[in-house]
Each structure stands twice: as structure tokens, then as C-alpha cells.
1. Starting from the 7 Å offset along Cα-to-Cβ, what nm value, one decimal, do you get for the label separation of ASP353 and GLN145?
2. Mind pulling the angle between the C-alpha long axis of helix 322-333 and the longest principal axis of the chain? Nearest 10 degrees, somewhere in 0 to 90.
3. Can you give me the convex hull volume of the Cα atoms of segment 240-333, divided per residue and expressed in Å³?
4. Remind me, relative contact order of the chain in percent, using alpha carbon pairs under 8 angstrom and six or more residues apart?
5. So if R0 is 41 Å, what FRET efficiency would GLN334 and GLN169 give, r being the distance between their Cβ atoms, rounded to the nearest 0.05?
6. In square angstrom, what is the accessible area per residue of the chain with a 1.4 angstrom probe?
7. How much of the accessible area of segment 244-352, in percent, comes from carbon and sulfur atoms when a 1.4 Å probe is used?
8. Using the Kirkwood radius over C-alpha pairs as Rh, can you work out the diffusion coefficient of segment 4-97 via Stokes-Einstein at 10 °C, viscosity 1.306 mPa s, in µm² per second?
Amino acid sequence: MLFMIGAGETINMIFHIDMDSFYSSVEVAADPKLKGLPVVVGSDPLQGDGRGVVSTCSYEAREFGLKSAMAISKAYRLCPEAVYLRVNMPLYKKVSNSIMELLRSYSSKFQQVSVDEAYLDVSDIVSGLDEAEKLAMQIKEDVFQKEGITCSVGIGPNKSIAKIASDLQKPDGLTIVSPEDVRSFLYPLDVSRISGVGRKTGVMLGQMGIRTIGELAIYNVQELREKFGKFGLVMHQLANGVDGRNVQESGEIKSISKEDTFDKDTSDVEYLESVVDTLSEHVHASLSKKKYLFKTVTIKVRLEDFTTYTRAKTLAAHSDDLVTIRKTAKGLLQEFNGKNKLRLLGVGVTKLDKLDERQTRLSDFF
Ligand code: TTP
Ligand code: MG
């Protein structure tokens, strides 16, 4: 259900989720002795002679004035007692993948934007701000349970507002901006909060007497356009809380799925299996249209208390068979039969392969 404001007007509900001090949080989760200490991840400080930079640092280190992109020599001067660690990218990638897999399970409208942040469009999943808050708390808890790190969540009617909101109460924050509060939320903030407004643009805006988002919002848009080109218009719209960008994954299709949120939570096995049949048909139709084969079948189950599970089964070989999707999904569903009431059920396929390419490759062998 879409979030309603006023007569017939609908608005999206977007989450922006960003891990707190990501690289250093991962290091602390891997080595709990580091908990509570200033931890710096970056190049070797070489007792103050190091020439690289800080990638990130824990919030304890930030109290000494340390921050991302600061010269490591300066960081060492400010806080020689911190624990200095080299960047271990494979570890952060692994944790990132695990977290993104979890976040993706909450909504089919998911977009990863960097190693530690993602958007979720939950407009179809929650029916108001109270439910959105509950879901956000659940997500924070699930991320912590899975990887032992905290994140901050921003909730707003579009991507720009959600992103600004997630940054405001870090670490371990949750900031909710209701549609009617957009202006009072945005207006007092510094223009640098707007994505794309860097140091140079900030200085130029300052020279025009624009320091807050509110001042930018009421500025003559034509003048902004003359000065900053197309970005002048974008920036003006964002300052007014307008952002039409969708939440969508870029690039190649990685999975195809379809899900159904029930009108009433249910544990009726017969009904759930009939839903699997219908969802499988949708998935198969879309798969055939796009000429893909699949190797893995997934289901997603959300219980009445919002706990969400994904289960997957990988086949021995790629397939394009509808019956295989149905049977595999029903097999995966058995674990949940008769236990709890379900709020949502989804069926999907991943490990996709393009039909044409595969036929070419198979023909190499036969
Ligand atoms: P960010 O999300 O910008 O920062 P963060 O997660 O460390 O801290 P915050 O709590 O403020 O979100 O970036 C994610 C990771 O990207 C960060 O952990 C390390 C890396 N990174 C760099 O390597 N160099 C940089 O200058 C920045 C900003 C980030
Ligand atoms: Mg972060």
C-alpha cells in the first residue's frame, strides 16, 4: 500500500541504510578486543612518517579529530595511541556482500550504492510510518545479528531525503522524515548536505549568500541555472524536497523474483503452495521473456513479526523449467509449514545465464 498524504496523493517510502565507520567496524567485529578503542584503518602511519591517508576510523578515534581522507601522519600526531590497521578489502567485501544479501531480502526494490550503503523502496511493504520504524529497527537488529556491526537508517519520501536523514544521527541512528515535515527538516541544514554539493559549489553558493538548504530552496532558479548549469536546477529541486529518482539496481539482471504480501497473515499450507504456483508462473514468464536460464531457486518468507528469511537451493545444472521452480520452491517452503503465520511470500531465481550464450557453449560440446 502506498503512503497516503492528502486526497488521493501518494508518496514513496524510501530507506537509506549506511554502515557506521564501516571498515573499522568490520575490524572490531572480527577482533572484539578492539571494541571501545580508537581504531584507524588506512595506510601504515610509520611512527608519523607515513605518506598515505586514513580510509576510515572508529567513532572513538573521531573524538580526536580523525576522519576519512586525512593524512595518516596527521592522524598519528593527533592520536598516536590509536590501533592502526591496514586495509583488508577482501574481508570488507565479504561482509558487504553478506549485508547486501540481507538488505535485498526486505524489498524487491533494492539498490546498492557503495560498499556500505543501499536504498530500499518499502512503499509497497509498510502502510505507515509506525510500520516503517518497526521494519527499520528490525533491519538494524538483523544486520547486527548477522555481522556484528551497527548501521544508520534514514527514512523519507525520496532517495535524497532518506540519504540526508541517515547521516544525521550516526552512529546507530534512525531518522524518520514524514512527508509533512520535509521542509522543516531540510531548511535549517547546511547546503553541503545535498548530494553533489562539494566544497567548490559550497563556496560559490556562500558567495551568493546561500548557506542553508532553505535559502537555496527559495533562490531564483533561473540564476542558479545560469551559474551552475543543469546541476543548478537539480540542486534547487533537491532543496525543495523533490527527487524523482527510482530505487533500482543498475547493470545486468542478477535475479528475477516475484513476491506477494497477503491481505491477512496465513499459515494455510494449501493456500501457500497455490501462491508458490502463481509466483513461479510469473517468474518463469519473465525468465522466458528475457531468455534466461536459472541455476538457483530462492524463496523469501516474512513472518507476521517481520522476521524475514531467505532460502535457496542450487541445482546441478541450469534449467528453464517451470515445474522445477515450483517443486524446488515448495521444498524450501516446507521448513516453515505449520510453524508461524506468513505475512509475505516470494519466489525467485538467481545464478542466471543467458539462453543464447549457453546454447552456443553447449553446442561446443555436442
Ligand atoms: P562512508 O560510509 O563514507 O564512511 P564510514 O562508513 O567509514 O563512516 P560513517 O559512519 O560516517 O558512514 O564510507 C564507507 C567506507 O568507504 C569506509 O568505511 C571506508 C571507505 N572510505 C575510504 O576508503 N575513503 C574515504 O575517503 C571514505 C569517505 C570512505
Ligand atoms: Mg558508512
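1. Taking the simple label geometry, ASP353 and GLN145 are separated by 3.5 nm.
2. So the helix axis and the longest Cα principal axis differ by about 70 degrees.
3. Working: hull volume 13.5 nm³, N = 94.
Each residue corresponds to 143 Å³ of Cα convex hull volume.
4. 14 percent
5. Once rounded, the FRET efficiency stands at 0.45.
6. Per-residue accessible area for the chain comes out at 51 Å².
7. 45 percent
8. 109 µm²/s
The values are calculated or read from the model by the stated rules, or taken from the named source; none is laboratory data. Remember, predicted model here, so these are calculated numbers, not experimental data. When we count neighbours, we look across all protein chains shown, and the Cβ atoms used for this are built from the backbone with ideal geometry, even at glycine. Please note that ligands, DNA and RNA were not included when accessible areas were found on the heavy atoms of the full protein model with its side chains. Shrake-Rupley method; radii C 1.70, N 1.55, O 1.52, S 1.80 Å.
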